[in-house]
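The values are calculated or read from the model by the stated rules, or taken from the named source; none is laboratory data. What you see is a predicted model, and the numbers here were worked out from it, not measured in a lab. Glycine also receives a Cβ, built like all others from the backbone with ideal geometry; neighbour counts cover every protein chain displayed. These accessible areas exclude ligands, DNA and RNA; they are computed on the full protein's heavy atoms, side chains included. Shrake-Rupley method; radii C 1.70, N 1.55, O 1.52, S 1.80 Å.
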Amino acid sequence: MSLTAEQISKNWDDLLQIVDDHITGERKDQLKKLYTDHQERIMMAPASPKSWYHSAFPGGYVDHVLRVTKCALANHQLWLQMGSPWAGDVFTVEELVFAALNHDLGKIGYDSPNSEYYLPNDSQWHIDKLGQLFKYNPTIANMKVPERSLFILQGRGIHVTENEYLAIRLHDGLYDDSNKYYFMSGARESRLRTNLPLILHHADHMASQIEYEMWDIKHPIEVGSKPKGKSFKPKNASKADKTIRNAKAMNTENNPKLAASTKSAINDFFKD
Ligand SMILES: [Fe+2]
């Protein structure tokens, strides 16, 4: 999957528009300056290094951030509809959007020139055999993405609230073992006091999964391919064939009727 130059450019405009619409005070200009100082890098960054992760293509980072922000706003509405008392006034929509916009900021690398986090892979073997389209910049110190996101923000003096800090820090949920400290508390007093980290984690998980599916549908696993030197007969070939056929039928590009009905359901859901 790839984006056209027009899509990349529109995504960039949408990113800045969300800052304009949702971020207030001094932070609005600070965030826009941070983004525009690294405009080309941010516009062209992938969201992950491997083809089969998610949005591993130029423009993938912004595309992912926009999807996470939309998913976070939609998830927040769902929590409210389901009666979550905490989703009402324990955090603000600005905090939700700020955390979503910046959860993966660490993927831009250092806040300085020529220090991208992802570089195009110069090993054709790794690209062909492992799908590693990008490699990590070896000149950048090792740091978890959520922590680098917060590090970049503090480096610019951009104020981060406690709710935003925890949401960005914990957005990988229990995929990061070190987050057990927060999510698997042994005492009531040490439980999280806002569900913002969960809402952002679910949004990030949802967006990443959808992006993987968008890639997967165009790159089906070859069922029944024969590894060299071995006799290979897949046990579940017919079942896998059926799964892939079903997935293709669900692909909105192949099924405009489904796409229209899905779009209208989403529009109905969000209209006032
Ligand atoms: Fe993410």
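Computed quantities for the displayed model
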| read-out | value |
| --- | --- |
| Looking only at segment 63-119, and only at residues there that are of a type in the set (S, T, N, Q) and either open to solvent by less than 60 Å² (accessible area, probe 1.4 Å) or within 13 Å of the ligand (Cβ to nearest atom) (or both), the one that is farthest from Lys10 (Cα to Cα) | Ser84 |
| Residue list for segment 125-165, restricted to those being in a helix (DSSP H, G or I), within 16 Å of the ligand (Cβ to nearest atom) and either at positive phi or open to solvent by less than 40 Å² (accessible area, probe 1.4 Å) (or both) | Val145, Pro146, Arg148, Ser149, Leu150, Ile152, Leu153, Glu164 |
| Where a residue in segment 119-139 is without any contact (Cβ under 8 Å) to a residue 24 or more places away in the chain and of a type outside the set (Lys, Arg) and its partner, wherever it lies, is open to solvent by 100 Å² or more (accessible area, probe 1.4 Å) and assigned to a loop (DSSP other than H, G, I, E, B), with Cβ under 9 Å and at least six apart | Leu119/Pro138 |
| Complete set of residues in segment 10-32 that are part of a helix (DSSP H, G or I) and either on the phi > 0 side of the Ramachandran plot or without any contact (Cβ under 8 Å) to a residue 24 or more places away in the chain (or both) | Lys10, Asp13, Leu16, Gln17, Asp20, Asp21, Lys28, Asp29, Lys32 |
| Extreme residue, farthest from the ligand (Cβ to nearest atom), among residues of segment 194-222 that are of a type in the set (A, V, I, L, M, F, W, C) and open to solvent by 20 Å² or more (accessible area, probe 1.4 Å) | Ile221 |
| Evaluation of Arg191 against (1) within 13 Å of the ligand (Cβ to nearest atom); (2) closer than 22 Å to Asp89 by Cβ (one fails), failing number | (1) |
